[in-house]
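J.: To start, I am sharing the structure in question, which I have written as structure tokens.
Each value in this text was obtained by applying a stated rule to the coordinates, not by laboratory testing. In this text, all values refer to a predicted model and were calculated from it rather than measured experimentally. We place every Cβ from the backbone using ideal geometry, glycine too, and count neighbours over all the protein chains shown.
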């Protein structure tokens, strides 16, 4: 029996960024058409192969293979494993049902945020045989081993399955992985040949995504990451991270996009890594996430010398009252100082911003847009705050609006561009929120002075011009036509 790790094509967009396990996914023109390699599936495939299992990897999204095309590749496959999230769950489950109908005896398993926080809802769908809760590596490995050996699966921790009567049941919890160095480096040779994952933030191709940690020290009420990772932060060792970077360089990878929920947490490890990249002269540039209140100017300066060209920050709001209410954990003046420090050291910045936050009013949304302009990031994205399972915000909404169910009506067609249940915590008409998102984009990007500075600082090569032209075309289509 063979196991297939599958990244499916969706009907909603060709560029769904569906890699991070906690399920904060994006799509469409709003993010400039960006795509990413599905590194979690790569790690799982590499792990299963290391443990002697027969396993394949298929990025059907990158190859634009629909379900019928995937069915033609299922000969000998007994288990299909996919990542899913709240906004993709319904389509993913129906997709897997289609595979099962075409291949009798095929088993399916899903991992990610929705199986973790809504496992019984997942198991109620006949397209799904197993739901993997929380981090997937050990659970998927045990499941694949059991099915390959035709052994029982009912005692595997961290799993949801069905009993003999066909009713959903949850197995015992699995302890969170302590030794992250046990995880293999993702085998980049598994990626489809000839496919270039486009991302407007990436400067050099080919690039790869990866993580060096699990968890986030933040407590934001809208984010699933803390609960998904057990509210504990764990990291790979300095030695393991450096081995991975050397491996990427040996494979002629030119850029690394660190997808850690928050990369700059352990300053001793992070500074050691930066210094080692400098000392070893590794030909790698990179991008990483940071929290406004957890990075200082010295770290920014060292990271820039080590090849980091872009820092991504969750800004979320320009109202201190709103920030405090969503437990973002930083002061507005800290944001201004950090973005200014990044500019002093030639570091690009990206601001993630939400509108329709708990307590938001037309006035606070106006303050948010003004604040982003004052921060002067290199790029910015604006989305609508949405309650997702696994977050304190979702639980608060569910108390007063049980019709939210499992949250999966927040699908990819509506993701970040429609107000959903915002009326229960936001003082702006939810029908106005999509218009305000486009208004925010227009105020930020439709400024001649912005493009003059952007061109001066970022358009240095022909590749830069191509990259920005493609991303800008898609972004302006969203701003003008509302097409995502």
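J.: May I ask you to derive the FRET efficiency for residue 424 and residue 101 from their Cβ-Cβ distance with R0 = 30 Å, giving the value to the nearest 0.05?
T.: So the FRET efficiency works out to roughly 0.20.
J.: Would you calculate the separation in nanometres between label points at residue 219 and residue 251, each defined as 7 Å from the Cα along the Cα-to-beta-carbon direction?
T.: 3.9 nm
J.: Return one quarter of the surface area of the convex hull spanned by the alpha-carbon atoms of segment 324-449, equal to its mean projected area, in nm².
T.: The directionally averaged projection comes out at 8.5 nm².
J.: Express in % the proportion of alpha carbon pairs of segment 2-170 at distances exceeding 29 Å.
T.: More than 29 Å apart: 12 percent of the Cα pairs in segment 2-170.
J.: Gap in Å between the Cα centre of segment 231-253 and the Cα centre of segment 387-450?
T.: 35 Å
J.: So what are the three principal axis dimensions of segment 129-191 from its Cα atoms, in whole Å, longest to shortest?
T.: 42, 24, 19
J.: Right, next: Tell me the angle of helix 332-344 to the major Cα principal axis of the chain, expressed in degrees between 0 and 90 and rounded to the nearest ten.
T.: The answer is roughly 80 degrees.
J.: Continuing with the same structure: Kirkwood hydrodynamic radius (Cα pairs, Å) of segment 199-350?
T.: Its Kirkwood hydrodynamic radius stands at 16.0 Å.
J.: Classify segment 104-154 as rounded, prolate or oblate from the Cα gyration tensor: take a ≥ b ≥ c as the square roots of its eigenvalues, call it rounded if a/c is under 1.5, otherwise prolate when a/b beats b/c and oblate if not.
T.: Taking the square roots of the gyration eigenvalues as a ≥ b ≥ c, segment 104-154 is oblate.
J.: Applying 1/(1 + (r/R0)^6) with R0 = 41 Å to the Cβ-Cβ distance of residue 63 and residue 476, what FRET efficiency is obtained, to the nearest 0.05?
T.: Efficiency for this residue pair is about 0.90.
J.: May I pose another question? Taking 8 Å as the Cα distance limit and 6 or more residues as the minimum spacing, I'd like the relative contact order of segment 201-445 as a percentage.
T.: 18 percent
J.: Determine one quarter of the surface area of the Cα convex hull of the chain, which equals its mean projected area, and express it in nm² to one decimal.
T.: 21.4 nm²
J.: For helix 362-375, report the angle its Cα long axis makes with the longest principal axis of the Cα atoms of the chain; keep it between 0 and 90° and round to the nearest 10°.
T.: 80 degrees
J.: Round to a whole angstrom and tell me the spacing of the C-alpha centers of segment 26-89 and segment 170-209.
T.: Cα centroid to Cα centroid, the span is 11 Å.
J.: How high is the FRET efficiency between residue 413 and residue 182 when r is their beta carbon distance and R₀ equals 30 Å, given to the nearest 0.05?
T.: It comes to 0.20.
J.: Quick check: pseudo-label points 7 Å beyond the Cα along Cα→Cβ at residue 155 and residue 237, how many nm apart are they?
T.: Result for the modelled spin labels: 3.3 nm.
J.: Now for a separate question. For segment 371-422, what does the alpha-carbon gyration tensor say about shape, rounded, prolate or oblate, given a ≥ b ≥ c as the root eigenvalues, a/c under 1.5 as rounded, and a/b over b/c as prolate?
T.: Cα axes put segment 371-422 in the prolate bin.
J.: Now for a different question. Based on the alpha carbon coordinates of segment 144-271, what radius of gyration and maximum Cα-Cα distance (Dmax) apply, in Å?
T.: Radius of gyration, then largest Cα-Cα span, for segment 144-271: 18.6, 55 Å.
J.: Okay, helix-only estimate at 222 nm for the chain: each DSSP H run of n ≥ 4 adds -39500 (n - 2.57), divide by all residues, round to 500 deg cm²/dmol; what do you get?
T.: That comes out to -11000 deg cm²/dmol.
J.: Moving on to the next point. Relative contact order (percent) for the chain, with alpha-carbon contacts under 8 angstrom and 6 or more residues of separation?
T.: So the answer I get is 15 percent.
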